[in-house]
Amino acid sequence: MRNISLGTTGITVPQNAFGALPIQRISTEDAVYLLRKAYDGGMRFFDTARAYSDSEEKVGLAFEGMRDKVFISTKTGAGTKEKFWEDLETSLRLLKTDYIDIYQLHCAAKCYREGDDLYEAMKEAKKQGKIRHIGITAHKIGVAEDIIQSGLYETLQFPFSYLASDRDIKLVEDCAKAGMGFIAMKGLSGGLLTNSEACMAFMSEYDALPIWGVQRESELDEWLRFFDEEISMTDEIRDFIAKDREDLLGEFCRGCGYCMPCTVDITINQCARMSQMIRRAPSQAWLTDYWQNEMMKIDNCVECGICKTRCPYELDIPVLLKKNLKDYKEILAGKEV
Ligand code: SF4
Ligand code: SF4
């Protein structure tokens, strides 16, 4: 397994890390089991966030008494310095630690700079030793580019998978040039990509640390096996990726859910990508009464446009939903998938 050094932070870990968002959906016992298994299997970097309900608490329980053996990054979505400090103290308490390796401003809408309350709070937290490194996460490429140019952050977390554009890839290269660590979120593009070997082989070509979201033991096992079976890019995998990119690229929903809630309760993050999901997973799972009912809610869209203002990929969500519904209705009527 290749090791990745995160810029000039001094953090060097295997290029195979744990994204702790999904463990908020499972019991504490199961989450602690998965986190420890990930550690035993070779993972050393664990990424969580204040916003992931009880994820920090589970991470804290899993690594109690062995804090120095792992690297933990977490995030604050604070908008004020008061909330920043409240979040930081909560994260420290739940993670059962007196320091956070990388503290990140979560889903930053802009690059916070010297003089901005949030950035000044970051500097103070680092001075006090409560955080070791200043990081940030973004979903908009322009914001991410500003962050790198600012030279103010030690790590950037950004979506990165084999569906990446040339501009996304340049971000990774620019981070390396700027001495910044690049943490890759959504390496499976929100569940759209299912070939873990191809995802890992792609990642191995870049100085990026993927944090794979793990909820089930079978998913964890997929990633842990790469500690034993070294994966690198081959012609066969390259051909597979090229074909998959051809099928998927364009206007597609990554399933992140940032656009929600919808005014009329449409499950946008699943319904806006139903056409892809239904062709990539066993179709029957998406044709149940439950999903038919969810899809039919698209007809209730009042085109208020609120979701569009929240989508980091600037998708025309009402149009995308209608396209998916049309396709779905045709499938229900017998069209082959
Ligand atoms: S535009 Fe339609 S999908 Fe978007 S929030 Fe409004 S009602 Fe929901
Ligand atoms: S429409 Fe945009 S914000 Fe909503 S789930 Fe899809 S990619 Fe995310």
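The residues in the stretch 323-337 that are within 26 Å of the chain's Cα centre (by Cα) and more than 14 Å from ligand 1 (Cβ to nearest atom) can be counted, and the count is 0. Of all the criteria given as (1) under 25 Å from Gln292 (Cβ atoms); (2) more than 10 Å from ligand 2 (Cβ to nearest atom), the one not satisfied by Cys256 is (2). Set side by side, the residues Asp327, Asp316 differ, and just one is within 11 Å of ligand 2 (Cβ to nearest atom) and in contact with a helix residue (DSSP H, G or I) (Cβ under 8 Å, 6 or more places away or on another chain), which is Asp316.
Table: residues versus (1) aromatic (Phe, Trp, Tyr); (2) over 24 Å from Glu154 (Cβ atoms); (3) buried (at least 21 other Cβ atoms within 10 Å of the Cβ).
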site: Ser5; (1), (2), (3): no, no, no
site: Ile23; (1), (2), (3): no, yes, yes
site: Ser27; (1), (2), (3): no, yes, no
site: Ala31; (1), (2), (3): no, yes, yes
site: Arg44; (1), (2), (3): no, no, no
site: Glu56; (1), (2), (3): no, no, yes
site: Asp68; (1), (2), (3): no, no, no
site: Gly79; (1), (2), (3): no, no, no
site: Trp85; (1), (2), (3): yes, no, no
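Those residues that are without any contact (Cβ under 8 Å) to a residue 40 or more places away in the chain and either assigned to a helix (DSSP H, G or I) or buried (at least 20 other Cβ atoms within 10 Å of the Cβ) (or both), I need them from the stretch 154-170; list them, please. Listed by number, the residues that qualify are Leu156, Phe158, Ala164, Asp166, Arg167, Asp168, Ile169, Lys170.
Matching residues to (1) within 16 Å of ligand 1 (Cβ to nearest atom); (2) assigned by TED's automatic domain parsing to the domain that holds Met296; (3) crowded, with 19+ Cβ neighbours inside 10 Å:
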residue: Met185; (1), (2), (3): no, no, yes
residue: Gly191; (1), (2), (3): no, no, no
residue: Thr194; (1), (2), (3): no, no, no
residue: Met203; (1), (2), (3): no, no, yes
residue: Trp212; (1), (2), (3): no, no, yes
residue: Asp228; (1), (2), (3): no, no, no
residue: Glu246; (1), (2), (3): no, no, no
residue: Glu251; (1), (2), (3): yes, no, no
residue: Pro261; (1), (2), (3): yes, no, no
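Among residues that are more than 16 Å from ligand 2 (Cβ to nearest atom), more than 23 Å from Tyr162 (Cα to Cα) and in contact with a helix residue (DSSP H, G or I) (Cβ under 7 Å, 6 or more places away or on another chain), Ile237 is not included.
Pull up the stretch 287-322, narrow it to residues that are basic (Lys, Arg) and more than 11 Å from Cys271 (Cβ to Cβ), then point me to the one that is nearest to ligand 1 (Cβ to nearest atom).
Restricting to residues being basic (Lys, Arg) and more than 11 Å from Cys271 (Cβ to Cβ), the top hit is Lys308.
Cβ separations smaller than 7 Å between residues 6+ apart or across chains give the following pairs from the stretch 262-279 residues that are away from ligand 2 (no atom under 14 Å from the Cβ) to residues that are part of a loop (DSSP other than H, G, I, E, B): Val264/Cys301; Val264/Val302; Ile278/Val337; Arg279/Val337. Select from the stretch 118-140 the residues that are at pLDDT below 95 and surrounded by 24 or more Cβ atoms within 10 Å (Cβ to Cβ) and list them in ascending order. Ala138 - this is the single residue of the stretch 118-140 that is at pLDDT below 95 and surrounded by 24 or more Cβ atoms within 10 Å (Cβ to Cβ). Yes or no: Ile306 within 14 Å of ligand 2 (Cβ to nearest atom), outside the structural domain of Tyr52 (by TED's automatic domain parsing) and buried (at least 18 other Cβ atoms within 10 Å of the Cβ)? Taking the combined requirement at face value, the residue does not satisfy it.
The values are calculated or read from the model by the stated rules, or taken from the named source; none is laboratory data. Worth saying up front: this structure is predicted, and the values here are computed from it rather than measured. Neighbour counts are summed over all protein chains in view; Cβ atoms, including those assigned to glycine, are modelled from backbone coordinates with ideal geometry.
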